[in-house]
Amino acid sequence: MGNFSQPERFLVSDLCSILETYLEPEEVQKIYRAYLFGAEAHEGQKRISGEAYIFHPLAVARILADMHMDADSITAALLHDVIEDTSVTQETLAKQFGEDVALLVDGVSKLTNLKFDSKEEAQAANFRKMLLAMARDLRVILVKLADRLHNMRTLSALRPDKKRRIARETLEIYAPIAQRLGMRAIRRELEQLGFEAMYPIRYQVLQAAVKRKKGQRRELMNKVEVAFVKRLEELHISARVHGREKNLWSIYRKMRDKRLSFNEVYDVFAIRMVVADIDTCYRALGAVHTLYKPVPGRFKDYIAIPKANGYQSLHTILFGPHGVPIEVQIRTEAMDRVAEAGIAAHWHYKSGDEYSSAAQQRAHQWARSIMDLQRNSGNALEFLESVKVDLFPDEVYVFTPKGEIMALPRGATGLDFAYAVHTDIGNSCVAIKIDRQLSPLSTPLQSGQTVEVITAPNAAPRSVWLNYAMTAKARHNIRHYLKTIKEHEAIDQGRLLLQKALGEEDVRLDEVAPERMQALLDRWQLTDRDALYREIGLGERIASIAARELLELDQDTAAGDRPFVIHGVEGMVLNFAKCCSPIPGDPIVGVMSPGKGMVIHRTDCSNVRRMGGSDRVIAVEWAEDIEGEFPVNIRVLTANQRGVLAQIAAAISQQRGDITNVTFSERDTMSTNVNFTVNVRNRKHLAEILRQLRSIPEVLKLTRLMG
Ligand code: MN
């Protein structure tokens, strides 16, 4: 496997002889029939190179046959361009070769139609995800990768600009997908060909440099290889030993991204040993470690702890002759196959048992087989998390009419899309066009669709929309809108409440002097009376406070000088509850109590919870930019050690906390509880103090106390 180079002309008979080594005769028969069908459908079509078109699908099928892919994938490879380029329909394929093959070919055609145009990195990442999302059957991706690989091999026939576009797409989209699926051999070749087509001159320079370097070191290299082989023979270990070629694209990328010179990147020999079984891997490791000294700390056992994509190998670095470092990888044949073919290797394993054609099940099968490899490694969850993102995405990817990709959660509708584009678009949309077809706003979107929003000037959100908006943004905006249309109701309600509050003082609303009203509006930064009524109506301000302000403004202007600690209760007597000592930043509620004004508690205070849904409990919030200090109680459990109390006190005052009280409790021989009351500005200030305290080794535990 490993190398996909092929002879001048590859014939269907050659394909069949590869297939006969691992498929049933009837399967090979069916594939041969697909070849004849494809050849007839593409009859008369030529590739740009001039050769008959069918040689392209044949070459794609060969790449997959070399990976021992299943019969449906090979069949689909032979037919992968017929829906796109000939008059054959998906229905015909289904009738002739089964639903699975038809779906695979349809999937490949859809991916072929996607064009990647943006230069942006983020777009590339989304595009990769979209490809994976659209291909619910992973075999679609494998056929597509093989298709792309053959197109890259035959790229020289194309115009330079087209060549570069395809090369860039290959480097940014397809090679990373091959990597994600663990398909090293394909990834390596895609990168090599992509690099060559994209940057021909840099490619040549780098290639020449590598060649020179290899020439310089050939003698040394041979010596090392011979030494390895000899030592292994002495120990009766049979192994394939070969030098490893570094990929030019990865050398280039390392030089570019890490700003390294060629010599800094290309500074090690790499040797791979492939042996029969796991046991022999460790024996071979012992053999090389006795031959050359290993570099300490560089040995990695990916056999016991496989990488996330199932990769297994022993890695070590040795001090070679003249101190030249030698990188050695040791693995079994099976591990080598997984390392080169990735997901495709897993397919091969499963090809024996009866398997269901459902796409999902295949993907799960793969995930499960990887999970088996992962079982002992402890990071299976993390791995599945990343697989989920890429292979079972919770997102759909759709295009705007301008070709930008938008990611939405799975199940998102046209309405969600409209709000994702812009709130105003969402608020005024009436319908959507999906791939130019007019559709209702409630239509769920699928990856790859192009979505356009139809708006109308007088359109407005309706409450029924909440039934099919699923993104937080859409739901929030719809609710917000619905709330504002109820505004006039809130205004009526607020006016009534204020009237009632004034009535208790025997004043009617229309008796309030306009100047007083204006002064209050100015103070509370409200635009007009309606705004005041609305805030009262919505429960954001309290009618009795507004009433008192309106009546007392003349006498008690001093109220204006006090810092407003709590938003909306200006002018009211405020107390901070001793039971829970709230400080700015804590979630709080206000409790109206006769003769005491409003008492501020923390939301989680047990006294408040006991009051349940009492209408004396009012939602309040801290004003911004509060000045002042608020007491808070901290319990510190410390080890009994001389001087520790002084350290704690110093730490608190270093953070500008003001200690107002200290008590001791629960002493034992080992530790002491110390309760501090400290004045702090807000939660952030408290956090700074706690952080400082935590840095003292003798401090065992810190608790903020309720009372
Ligand atoms: Mn093709």
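The values are calculated or read from the model by the stated rules, or taken from the named source; none is laboratory data. Since the model is a prediction, treat every value here as computed from it, not as a measurement. Glycine also receives a Cβ, built like all others from the backbone with ideal geometry; neighbour counts cover every protein chain displayed.
Which of the residues spanning the range 18-49 are within 16 Å of the ligand (Cβ to nearest atom) and of a type in the set (Gly, Ala, Ser)?
34, 38, 39, 41, 49 - these are the residues of the range 18-49 that are within 16 Å of the ligand (Cβ to nearest atom) and of a type in the set (Gly, Ala, Ser).
For the structure I just gave you, tell me whether residue 656 is at pLDDT 80 or above, outside the structural domain of residue 581 (by TED's automatic domain parsing), assigned to a loop (DSSP other than H, G, I, E, B) and charged (D, E, K, R).
Yes; evaluated as a whole, the condition is true for this residue.
Among what's in the range 624-655 and is surrounded by 15 or more Cβ atoms within 10 Å (Cβ to Cβ) and of a type in the set (S, T, N, Q), pick the residue that is farthest from residue 524 (Cα to Cα).
638
Take the residues in the range 182-231 that are within 27 Å of residue 273 (Cβ to Cβ) and among the acidic types (Asp, Glu); name whichever of them is surrounded by the fewest Cβ atoms within 10 Å (Cβ to Cβ).
Among those residues, the one meeting the criterion is 219.
Condition check ((1) in contact with a helix residue (DSSP H, G or I) (Cβ under 9 Å, 6 or more places away or on another chain); (2) among the basic types (Lys, Arg); (3) on the phi > 0 side of the Ramachandran plot) across all residues:
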position	(1), (2), (3)
177	yes, no, no
180	yes, yes, no
187	yes, yes, no
192	yes, no, no
215	no, no, no
221	yes, no, no
226	no, no, no
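Restricting to the range 67-95, and then to whatever is among the charged types (D, E, K, R) and within 14 Å of residue 108 (Cα to Cα), can you tell me which residue is surrounded by the most Cβ atoms within 10 Å (Cβ to Cβ)?
The selected residue is 81.
Filter the range 643-670 down to residues that are among the polar types (S, T, N, Q) and more than 46 Å from the chain's Cα centre (by Cα), then give me how many there are.
Number of matching residues: 5.
Right, residue 260: surrounded by 13 or more Cβ atoms within 10 Å (Cβ to Cβ), without any contact (Cβ under 8 Å) to a residue 12 or more places away in the chain and more than 30 Å from residue 156 (Cβ to Cβ) or not?
Against the criterion (surrounded by 13 or more Cβ atoms within 10 Å (Cβ to Cβ), without any contact (Cβ under 8 Å) to a residue 12 or more places away in the chain and more than 30 Å from residue 156 (Cβ to Cβ)), residue 260 qualifies.
Does residue 489 satisfy the condition of being over 21 Å from residue 420 (Cβ atoms), free of Cβ contacts under 8 Å to residues at least 24 places away in the same chain, in a helix (DSSP H, G or I) and charged (D, E, K, R)?
Here the answer is no, as residue 489 does not meet what is asked.
Give the number of residues within the range 497-528 that are free of Cβ contacts under 8 Å to residues at least 12 places away in the same chain and assigned to a helix (DSSP H, G or I).
Selection size over the range 497-528: 9.
Go through (1) in contact with a helix residue (DSSP H, G or I) (Cβ under 9 Å, 6 or more places away or on another chain); (2) modelled with pLDDT under 75 for residue 547 and report which single condition fails.
(2)
Kindly provide the set of residues from the range 446-472 that are touching a Gly at 6+ places or on another chain (Cβ under 8 Å) and either surrounded by fewer than 14 Cβ atoms within 10 Å (Cβ to Cβ) or more than 13 Å from residue 417 (Cα to Cα) (or both), ordered by number.
Answer for the range 446-472, where residues must be touching a Gly at 6+ places or on another chain (Cβ under 8 Å) and either surrounded by fewer than 14 Cβ atoms within 10 Å (Cβ to Cβ) or more than 13 Å from residue 417 (Cα to Cα) (or both): just 461.
Taking residue 103, is it within 29 Å of the chain's Cα centre (by Cα), within 16 Å of the ligand (Cβ to nearest atom), farther than 15 Å from residue 42 by Cβ and in contact (Cβ under 8 Å) with a residue 24 or more places away in the chain?
For residue 103, the condition - within 29 Å of the chain's Cα centre (by Cα), within 16 Å of the ligand (Cβ to nearest atom), farther than 15 Å from residue 42 by Cβ and in contact (Cβ under 8 Å) with a residue 24 or more places away in the chain - is not met.
So, of the residues in the range 50-66 that are β-branched (Val, Ile, Thr) and crowded, with 23+ Cβ neighbours inside 10 Å, which turns out to be nearest to the ligand (Cβ to nearest atom)?
This residue is 60.
Given (1) at pLDDT 90 or above; (2) within 16 Å of the ligand (Cβ to nearest atom); (3) closer than 21 Å to residue 151 by Cβ, where does residue 84 come up short, assuming only one miss?
(1)
Among the candidates 153, 148, which residue alone is buried (at least 22 other Cβ atoms within 10 Å of the Cβ), within 16 Å of the ligand (Cβ to nearest atom) and within 22 Å of residue 245 (Cβ to Cβ)?
Of the residues listed, the single one that is buried (at least 22 other Cβ atoms within 10 Å of the Cβ), within 16 Å of the ligand (Cβ to nearest atom) and within 22 Å of residue 245 (Cβ to Cβ) is 148.
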